[in-house]
Amino acid sequence: MSRDANSAFAHCLVDEWSRGGLTDVVLSPGSRSTPLAVAFADHPGFRVHVHLDERSAGFFGLGLGKASGRPAVVMCTSGTAAANFHPAVLEAFHARVPMIVCTADRPPELREVGSGQSVDQGRLYGTAVRWFFEPDAPNDHLQIPSAWRWMAARALAEAQGPPGGPVHLNLPFREPLVPAKRSRFDLGSRAEAAPWLRAPRSRRIADAAVVDALVSRVTSTAKGVVVAGWGADVGYDAVSRLARAARWPVLADPISGLRAGPMAISTYDALSRIEQVRKKLAPDLVLRLGGPLTSKYATSWLGASPAIMVDPDRSWSDPQRAAELVLEAEPEPLLEAVAERLERARDDSWLSSWMEAERRARRAMDALLDSWPEPFEGRIARDVMSTIPDDSALVVASSMPVRDLETFAPPRTGVKVMANRGVNGIDGFVSTVLGVAASEVWPTTVALVGDLCLLHDANGFLGSRRRDIDAVFVVLDNNGGGIFSFLPQAALDAHFEDLFGTPQNVDLHQLGALYGIDVVDVRHAEELAPAIADAVSAGGLHIVRASSERHENVRRHRAVFRAVCEELAG
């Protein structure tokens, strides 16, 4: 057995994670993390993604976990490197994305004595992790592979949940950090490549009393709606079957994955701004799946109605505090059980009113969008959703892009929509997209992003030439923070541009040249679909830029809402 305890420890962890099905590690270079970095590089079962910027590394790992459903290992050296993971850890925690964060550290004798690159890393991320653990520094005289494997296996189980989320292992290493020799270690593994322990996720199936209660509420409520936000985590067939049986419409945010089929209402954001529609279509019951809708208008309106939340993770995601019942159960079998027991002859008048409003609002909206030949951000969002290939991943940025997708996107199947809506930040977006693309779960990855969000994580493009990743970034370039033009801050004439608009005047062609990324300008709305198709066909990384002016963008948004209002009033 080797006397190199650091290497034995690191190889135990890496081998155990491989046995548990992990395939990706994202690391940033550093000295203190050398034993673990070498162990990952030596293992044939892992893809090693190296990022110079720890913040980008964290979000790249987030994208891998978001796309694949299994955690990536994200690791760094000690000190401020570990602090730079914090934004991605927060997003992973609130968005319930599995991740294993490994921060190398000084051993106890080098802490709080002024040793370089040393900070307090114990519970560095506070309550934003599912589990924190710090083992003793590996010791040549006390090597216990069973304890090391147990730690690795538990970290994987805790990250996978339920609910999924980040786990933090703070790993102290003493020098020498470079492996003394390449020898075989006594890794104390289970036979036949089995993991040290398994902790399979158990489905939370609602009991008969819960099913009875929900059947009773749905049966007694003619005017109900199904509302699906991010993290709904339920198949379309189950939701569609319930909606058909109940004769209820489905108000689904695109990031829920449920905006599809004949029961889907895609114009609810515009409809919720019209007073007569709010009165006519106010539901008596809301069945909530996943997080809240992005639209503050629809969320506020629907928050006035009683709600039942179905959430197997019991996350209390109810900003309006409208829920009168929270069902901690897997949504798919619950909805199927309820649909099976509903009467087949239910009144269609409520659903017909919703579908008529959807038809007229969609007609008014699309007619106005199609009449504008130059790029308008709402039309770009609609057309990206409508025209990208089937079996694509669409990753949409926070601020205006996710709102425009919700407001303007029609029902669509064949596209997996993702967004960082755990804490709704714009940071780390480029890296998240590249992580999604690197997962290779979908043949095509397209991103919809504003210029500031792209610039905020431009470091994510570092090293992109050697990553062999295919992704198309559709950039809504209005030279600033477009969302603030819709907020009360827009009235602060003296300070608005400096404090909120924040124009950067960055030439995206020069930015693309810096990272070896092709940039194409879309000057007419009809050019968008061919530009995306060409970029997808060519492979690699591409930026498709659609420029707009912020004040004109606000005016056109309001024109669309007026057109829908006039159509419904008529």
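How far is it, in nm, from the label point at residue 220 to the one at residue 413 when both lie 7 Å from their Cα along the line to the Cβ?
3.6
Take residue 387, project a point 7 Å from its Cα along the Cβ direction, then tell me which residues of the stretch 343-377 have their backbone nitrogen under 18 Å from it.
Residues passing the 18 Å test: 366-377.
At 25 °C and 0.890 mPa s, grab the translational diffusion coefficient of the stretch 132-269 from Stokes-Einstein with a Kirkwood Rh over Cα pairs, rounded to a whole number in µm² per second.
122
Just need the relative contact order of the chain here, percent rounded to a whole number, with Cα pairs under 8 Å and 6+ apart. Present the calculation step by step, with values, prior to reporting the outcome.
Working: 1173 pairs, mean separation 76.4, N = 570.
Relative CO of the chain lands at 13 percent.
Place the peptides 334-344, 396-406, 377-387, 14-24 in order of packing, highest mean first, counting for every residue the other Cβ atoms within 10 Å and averaging per peptide.
Values: 334-344: 17.0, 396-406: 25.4, 377-387: 23.1, 14-24: 20.7.
The densest-packed peptide leads the list: 396-406, 377-387, 14-24, 334-344.
Tell me the label-point distance for the pair residue 42, residue 372, using the 7 Å Cα-to-Cβ offset, in nm and rounded to one decimal.
5.9
Taking only the alpha-carbon atoms of the stretch 5-187, what semi-axes of the equivalent ellipsoid follow from 5 times the gyration tensor eigenvalues under a square root, in whole Å, largest first?
The equivalent ellipsoid of the stretch 5-187 has semi-axes of 23, 19, 15 Å.
Can you figure out the FRET efficiency of residue 455 with residue 552, using R₀ = 30 Å and their beta-carbon distance, to the nearest 0.05?
0.90
How long is the gain from residue 515 to residue 465 if the chain were fully straight, where each residue apart is worth 0.36 nm and the alpha carbon distance is subtracted?
So the chain would gain 17.3 nm between residue 515 and residue 465.
Set Lys and Arg Cβ to +1 and Asp and Glu Cβ to -1, take the dipole of the chain about its Cα centre, and tell me which of 435, 501, 483 lies farthest positive.
435
Give me the dipole magnitude in Debye, nearest 20, for the chain about the Cα centre, with unit charges on the beta carbon: positive for Lys and Arg, negative for Asp and Glu.
Charge dipole, the chain, about its Cα centre: 1060 debye, nearest 20.
Using the C-alpha gyration tensor of the stretch 278-323, what are the square roots of 5 times its eigenvalues, in whole angstrom, with the largest one first?
Result for the stretch 278-323: semi-axes of 19, 11, 8 Å.
Treat the chain as a sphere of radius equal to its Kirkwood radius over Cα pairs and apply Stokes-Einstein at 25 °C in a medium of 0.890 mPa s; give the translational diffusion coefficient in µm²/s, rounded to a whole number. Walk me through the numbers on the way to the answer.
Details: Rh = 25.3 Å.
So the translational diffusion coefficient is about 97 µm²/s.
Have a look at 418, 524, 218 and report the one farthest towards the positive end of the charge dipole of the chain, computed about the Cα centre with Cβ charges (Lys/Arg +1, Asp/Glu -1).
Of the listed residues, the answer is 218.
Given H placed on each backbone N at 1.01 Å, which residues far from residue 445 in sequence or on other chains put an amide H within less than 5 Å of it?
Residues meeting the amide H criterion: 393, 472.
With θ set to phi - 60° and the Karplus curve 6.51 cos²θ - 1.76 cosθ + 1.60, what are the ³J(HN,Hα) couplings of the stretch 405-412 in order, to the nearest whole Hz, using x for Gly and Pro?
5, 5, 6, 10, 6, x, x, 7
By how many nm would the segment from residue 566 to residue 349 grow when fully extended, if each residue of separation counts as 0.36 nm and the alpha-carbon distance is taken off?
Here the answer is 75.8 nm.
Determine by what factor the alpha-carbon radius of gyration of the stretch 208-353 differs from 2.2 N^0.38 Å, reporting the quotient.
Rg over 2.2 N^0.38 Å, computed on Cα atoms: 0.94.
Say R0 is 41 Å: what FRET efficiency, to the nearest 0.05, do residue 499 and residue 203 get from their beta-carbon distance? Don't skip to the answer; put the middle values down first.
Working: r = 49 Å, r/R0 = 1.21.
Using R0 = 41 Å, I get an efficiency of 0.25.
Take a quick pass over the chain and tell me how many lysine pairs come in under 22 angstrom between Cα atoms, counting only ones 8 or more apart or on separate chains.
Qualifying lysine pairs in the chain: 6.
Can you work out the FRET efficiency for the pair residue 147 and residue 423, with r the C-beta to C-beta distance and R0 = 22 Å, to the nearest 0.05?
0.05
By DSSP, what percent of the beta bridges with both residues in the stretch 5-187 are antiparallel, rounded to the nearest 5? Provide the component values of the computation, followed by the final result.
Details: 1 of 23 bridges.
That works out to approximately 5 percent antiparallel.
Tell me which residues come under 5 Å, amide H to amide H, from residue 418 once H is placed; ignore anything under 5 positions away on its chain.
Residues meeting the criterion, in which the H sits 1.01 Å from N, are 394, 395, 396.
Could you tell me the relative contact order of the stretch 5-187? Use alpha-carbon pairs under 8 Å, at least six residues apart, and round to a whole percent.
After rounding, I find 28 percent.
Okay, helix-only estimate at 222 nm for the chain: each DSSP H run of n ≥ 4 adds -39500 (n - 2.57), divide by all residues, round to 500 deg cm²/dmol; what do you get?
The per-residue figure over the chain is -11500 deg cm²/dmol.
Listed highest first by mean packing, meaning other Cβ atoms within 10 Å per residue, what order do 422-435, 308-321 come in?
422-435, 308-321
Could you give each residue of the stretch 278-290 its phi-based ³J(HN,Hα) in whole Hz, using Karplus coefficients 6.51, -1.76, 1.60 with θ = phi - 60°, and x for Gly or Pro?
Values per residue, Gly and Pro as x: 4, 6, 5, 10, 5, x, 8, 7, 10, 9, 9, 10, x Hz.
Quick check: residue separation of residue 23 and residue 280 times 0.36 nm, minus the Cα distance between them. What number comes out in nm? Provide the component values of the computation, followed by the final result.
On the way: separation 257, 0.36 × 257 = 92.52 nm, distance 5.25 nm.
Contour length minus Cα-Cα distance gives 87.3 nm.
Could you tell me the center-to-center distance, by alpha carbons, between the stretch 406-439 and the stretch 186-217 in angstrom?
Centre-to-centre (Cα) distance: 28 Å.
Hey, can you grab everything whose amide H is under 5 Å from the amide H of residue 72? Only 5+ residues off in sequence or another chain; H modelled, so Pro and N-termini drop out.
Here 65, 100 satisfy the definition.
Could you give the nm distance between label points at residue 119 and residue 296, where each point is 7 Å from its Cα heading toward the beta carbon?
So the label points at residue 119 and residue 296 sit 3.2 nm apart.
Here, each number is a calculation from the coordinates, and none is a lab measurement. Note that this is a predicted model, so its numbers are computed, not measured. When we count neighbours, we look across all protein chains shown, and the Cβ atoms used for this are built from the backbone with ideal geometry, even at glycine.
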